[in-house]
Amino acid sequence: MADKYGAVWVSHSSMGDFLKCPRLYYLHNVYKNPDTGRKMTIVNPALSLGSAVHATLEALKILPVEERLSRDLLADFETEWATNASGKKGGFTSDEEEAVAKARGRAMIGRVIQNPGPISKKTIRLKESENNMPPNFYLSEEENIILCGLIDWLEYVETDDSIRVIDFKTGKNEEDEDSLQLPIYLLLLNELQKRRVSGAAYWYLEKSDTPTEVTLPDADEAREKVLTLARRVKEAREKKAYECPRGPAGCFACQPFEAILQGEAEYLGVAGYGQDAYLV
């Protein structure tokens with residue numbers, strides 16, 4: 001029988017960890033500190049920059065269109081940065097490093113102010129999930145696998161009563177065409193709401209004034225692709241098979257988390273998702 005508390009939950013980020021290194025997946029998504037009962041996360045400048053920009057923009061989703069365009073987004077960004085990204089809690093080890101990252105973030109927000117595009121259009125919001133969990137559904141009830149994920153922006157297309165997915169990108173690299181992100185978004189939207197998904201785009205905020213259109217995957221192929229990987233994750237959890245493919249010495253992906261276990265990282269407190277945050 002299906003059991004949400006005993007189910008294997010998978011997402012774009014957790015399956016991405018698994019593909020990089022099963023040991024990374026274990027240390028980031030399964031292991032809990034025996035003293036605190038919490039999972040671990042590592043703060044770093046790129047993640048903090050992305051989180052601050054995303055939080056600033058995604059907060060607009062709950063506002064009417066006319067109010068969005070009158071917001072002082074740079075002030076909102078400054079508040080978000082000061083609260084959650086500044087200093088060691090953002091993974092910064094010097095004022096110079098932080099200043100460079102913050103300037104990049106301000107430039108991204110400035111680009112949106114000058115070119116609001118989808119920000120100035122109607123949006124759709126998915127229903128709130130129980131217990132503040134991200135949107136989710138049973139990818140396989142028989143196998144007790146749940147797929148979950150957060151979608152940055154859902155633009156409402158009035159002409160045909162459909163949805164266009166917008167994903168904000170704050171990194172310097174473009175999304176790989178084999179990424180599971182769009183397949184996961186499509187599966188979530190097809191399951192959790194009734195409108196047709198008519199388009200999708202990545203908005204590379206550091207270099208593009210407008211979102212870059214991308215081709216939607218085939219829904220059946222998306223489901224098979226995601227479920228196949230989710231089954232691998234479930235099998236690894238059942239067998240507790242979390243070895244790093246590079247052996248006991250570890251790899252670039254899992255070594256930072258191993259450093260936490262060895263007492264070689266600085267504890268910073270509890271992060272936003274209830275994880276123990278460390279600076280490595």
> Across the stretch 265-280, what is the total count of residues that are surrounded by 15 or more Cβ atoms within 10 Å (Cβ to Cβ) and among the small types (G, A, S)?
Replying inline: 3
> Checking D152 against (1) surrounded by 19 or more Cβ atoms within 10 Å (Cβ to Cβ); (2) at pLDDT 95 or above; (3) closer than 26 Å to G272 by Cβ, which test does it fail?
Replying inline: (1)
>> Only one of R68, R106, R111 is within 20 Å of T210 (Cα to Cα) and free of Cβ contacts under 8 Å to residues at least 40 places away in the same chain. Can you tell me which?
In response: R106
> So which of Y204, Y156 ends up being within 18 Å of the chain's Cα centre (by Cα) and of a type in the set (F, W, Y)?
Replying inline: Y204
> Which residue pairs have Cβ atoms closer than 7 Å, lie 6 or more positions apart in sequence or on different chains, and pair a first residue in the stretch 45-58 that is of a type in the set (G, A, S) with a second residue that is in a helix (DSSP H, G or I)?
Replying inline: S48/G90; S51/N84; A52/F77; A52/E80; A52/W81; A52/N84; A52/G105; A55/E80
>> Can you list the helices (runs of 4 or more DSSP H) lying wholly within the stretch 1-86 that have 2 or more residues being open to solvent by 60 Å² or more (accessible area, probe 1.4 Å) and of a type in the set (A, V, I, L, M, F, W, C)?
In response: 45-58
> Which condition number in (1) open to solvent by 20 Å² or more (accessible area, probe 1.4 Å); (2) under 22 Å from the mean Cα position of the chain (by Cα); (3) not aliphatic (A, V, I, L, M) is the one that N115 fails?
Replying inline: (2)
> Do we find that E128 is in contact (Cβ under 8 Å) with a residue 24 or more places away in the chain, open to solvent by 20 Å² or more (accessible area, probe 1.4 Å) and at negative phi in this structure?
Replying inline: no
> Consider I62 against the criteria (1) over 24 Å from G110 (Cβ atoms); (2) out of contact with any helix residue (DSSP H, G or I) (no Cβ under 7 Å at 6 or more places or on another chain); (3) among the β-branched types (V, I, T): it satisfies all of them except one. Which criterion is unmet?
Replying inline: (1)
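The values are calculated or read from the model by the stated rules, or taken from the named source; none is laboratory data. Keep in mind that what you see is a predicted model, and the values were worked out from it rather than measured. Cβ: placed from backbone, ideal geometry, glycine included. Neighbour counts: every protein chain shown. What goes into the accessible areas is simple: the full protein's heavy atoms, side chains included, and nothing from ligands, DNA or RNA. Shrake-Rupley method; radii C 1.70, N 1.55, O 1.52, S 1.80 Å.
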